[in-house]
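The structure appears right after this line, and notes come after that.
Laboratory data are not the source of any read-out in this text; all were calculated from the coordinates shown. Predicted, not measured: the structure shown is a model, and the values here were computed from it. Glycine gets a Cβ as well: all are built from the backbone with ideal geometry, and neighbour counts include every protein chain shown.
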Amino acid sequence: MSRVIDEHRLYLSDAARVSAFAAALADVVRPGDVVLDLASGTGILGLLACRAGAARVYAIDAGGMAAPARAIARRNGLDGRIHVINGFSTHVDLPERADVLVTDQIGRFGFDAGAVEFIADARRRLLKPDARLMPSRIDLAVAPVEAADVGAAVEFWSARPGGFDMEPLREMTANSGHPRTLAADSLLGSVCTGGSIDLAVETTSIAVSAEMAIARHGTLNGLGGWFSAVLSHSTKLSNAPGADNRIARRGVVFPIDRPVAVAAGDRVAVRMRILPGDLIVSWTVRIFRGDATEPSDRFAHSTLRGMLIDLERLRRTNPDYMPTLSPRGRARLSVLELCDGRRSLAAIERDVYDRHASLFRDRADAAVFVAEVVTGYSE
Ligand SMILES: C[S@@+](CC[C@H](N)C(=O)[O-])C[C@H]1O[C@@H](n2cnc3c(N)ncnc32)[C@H](O)[C@@H]1O
């Protein structure tokens, strides 16, 4: 069984999600519209757009679904109206600008599947200036939550797994978002619906700042995060705990370093800063007992400290850094230069091996390297 097809089976078996998009597309699409289905997968959103009256749909997908999506369009008599393009949306050009954009690259916490970046790029290059966006706005919500399994995932690394000190992984686990289905009864207090992303304008950072009242006795393990996306004037899409028509998508728990017992009347002050383009979330949590003006506990976390990226790599993301090619980079450049339309693949393999012999075990190893570059960039 293909994992990818099974993933799409799950997307399509989420009846709340599919019917929300169907209703919203019926609201938004006008007869004759050109629709961009960004990150189209099976093409379901484009098919629904055609049903709502779209004249043409450009369905862009970077994965392996392009061929089946074309076949599906054909079997539904829509192959002249749905044009499936296999590529990453930011690298694709369209023959005309679209009237409507539809996408479900919303993720679990509203921005983490790339919606902000991909929609901004589409607005600049692929859409008419007054195009209608679906979603048009995404609201982020956070709340204090009890999530014992997230607390346990953090603590695990302090229990000397295998008899060794693995504390660095505790630090990384405590600084990562953990995908979780958040039950309504896991919430410990009020919900903050602070961050809101207007997809019609550029958004480079999102700030959430709130004080939330603890409503019941429990153990605070972190902040739960989820979204509500405006698809049309009548329809929202949400994975909020306890929401009517909640879609089958997990939210995220942002942990605190250690569990804290809380009681009704306590308060939790939260500041969250999100850089959607870099997928970085930083959160601070301060806990106040009753009417106290000074916090009893404070925590500061950031996914920057949870990433499997070393400092040397991070240095290379600094805008002042002046990059030079590594030996493998130079070999890759050789392959690209040798693809000049005058040399055979065998000649390129020979030439690359002769120029960069120290990089390869043998000629066969060089041939694999050349094949990777050639299949990616030649035509
Ligand atoms: C969430 S699934 C598709 C969902 C589909 N629109 C639906 O509603 O069932 C995301 C698909 O988009 C592709 N994808 C993600 N980001 C993309 C992008 N920026 N451009 C093109 N394809 C993208 C992935 O390969 C995957 O097949």
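Just rank D6, D278, fewest to most, by other beta-carbon atoms within 10 angstrom.
So the ranking, lowest neighbour count to highest, is D6, D278.
Starting from the 7 Å offset along Cα-to-Cβ, what nm value, one decimal, do you get for the label separation of T219 and R75?
Taking the two extended label points, one gets 4.9 nm.
Using amide H atoms built in the peptide plane, which far-off residues or other-chain residues are under 5 Å from I197 H to H?
Long-range HN contacts for I197: I138, D139, L140.
If each residue of separation counts as 0.36 nm, what is the full-extension length gain between R125 and L308 once their alpha-carbon separation is subtracted?
That pair, R125 and L308, stretches by 62.6 nm at full extension.
What is the distance in Å between the Cα centres of the range 114-153 and the range 249-279?
Centre-to-centre distance over Cα atoms comes out at 18 Å.
How high is the relative contact order of the range 291-379, given as a whole-number percent (alpha carbon pairs under 8 Å, six or more residues apart)?
Relative contact order comes out at 25 percent.
Output the direction-averaged projected area (hull surface divided by four) of the convex hull of the alpha-carbon atoms of the range 258-308, in nm².
Its average projected convex-hull area is 4.3 nm².
Which whole-number percentage describes the relative contact order of the chain, with Cα contacts under 8 Å and a sequence gap of 6 or more?
Over the chain, the number comes to 14 percent.
Quick one: if the Förster radius is 45 Å, what FRET efficiency do R258 and S358 give, using the C-beta to C-beta distance and rounding to 0.05? Don't skip to the end; give the middle numbers.
Details: r = 50 Å, r/R0 = 1.12.
After rounding to 0.05, the efficiency reads 0.35.
Taking each full run of DSSP H in the chain as one helix, which ones are at least 18 Å long along their axis (Cα atoms) and have mean Kyte-Doolittle hydropathy of at least 0.5?
15-28, 363-377
Within the range 135-226, which chymotrypsin sites (Phe, Trp or Tyr not before Pro) sit in a loop by DSSP and count at most 13 neighbouring Cβ atoms inside 10 Å?
Qualifying residues, ordered by number: F164.
Please quote Rg/Rh for the range 118-197 to two decimal places, taking the Kirkwood radius as Rh and restricting both calculations to Cα atoms.
1.20
If you take every residue apart from G87 with its C-beta less than 11 Å away from the C-beta of G87, what net charge results, scoring Lys and Arg +1 and Asp and Glu -1?
-2
With a 10 Å Cβ neighbour count serving as the proxy for reagent exposure, in which order, fewest first, do M307, M212 appear?
Listing M307, M212 from fewest to most nearby Cβ atoms yields M307, M212.
For the chain, what are Rg and Dmax over the alpha carbons, in angstrom?
Gyration radius and largest Cα-Cα distance of the chain: 24.7, 79 Å.
Is the shape of the range 14-132 best called rounded, prolate or oblate, per the rule: a/c under 1.5 gives rounded, else a/b larger than b/c gives prolate, else oblate, with a ≥ b ≥ c the square roots of the Cα gyration tensor eigenvalues?
rounded
Nearest 20 debye, what's the magnitude of the dipole of the range 163-221 about its Cα centre given +1 on Lys and Arg Cβ and -1 on Asp and Glu Cβ?
The dipole magnitude comes to about 240 debye.
Projected onto the charge dipole of the chain (+1 at Lys/Arg Cβ, -1 at Asp/Glu Cβ, origin at the Cα centre), which of S2, L199, V145 gives the Cα projection farthest towards the positive end?
S2
Divide the volume of the convex hull of the Cα atoms of the range 164-248 by its number of residues and quote the answer in cubic angstrom per residue.
With only Cα atoms used, the range 164-248 gives 160 Å³ per residue.
So if I place +1 on the C-beta of Lys and Arg and -1 on the C-beta of Asp and Glu, and nothing else carries charge, what would the dipole magnitude of the chain be about its Cα centre? I want it in debye, nearest 20.
Working: 46 positive and 46 negative charges, 109 e Å.
Computed charge dipole of the chain: roughly 520 debye.
What FRET efficiency comes out for the pair A23/R97, r = Cβ-Cβ distance, R0 = 25 Å, nearest 0.05?
0.45
How much mean residue ellipticity at 222 nm does the chain get from its helices, if each DSSP H run of length 4 or more adds -39500 (n - 2.57) and you divide by all residues, to the nearest 500 deg cm²/dmol?
Values: 11 runs with 113 residues, N = 379.
My calculation for the chain gives -9000 deg cm²/dmol from helical runs alone.
Sort I197, I119 so that the residue with the fewest other Cβ atoms within 10 Å of its own Cβ comes first and the one with the most comes last. Numbers along the way, then the final one.
On the way: I197 23, I119 27.
By the 10 Å Cβ count, ascending: I197, I119.
Mean projection of the alpha-carbon convex hull of the range 278-379 over all orientations, in nm²?
11.3 nm²
Provide the FRET efficiency to the nearest 0.05 for the E202-T284 pair, computing r from the beta carbons and using R0 = 22 Å.
The calculated FRET efficiency here is 0.30.
Could you tell me which of S158, V230, M172 has its Cα farthest along the dipole of the chain towards the positive end, charges placed at Cβ (Lys, Arg +1; Asp, Glu -1), taken about the Cα centre?
Projecting each Cα onto the dipole axis, the largest value belongs to V230.
Restricting the count to DSSP beta bridges whose residues both fall in the chain, what percent are antiparallel, rounded to a multiple of 5? Show your work: numbers first, answer last.
Values: 51 of 69 bridges.
The answer is about 75 percent antiparallel.
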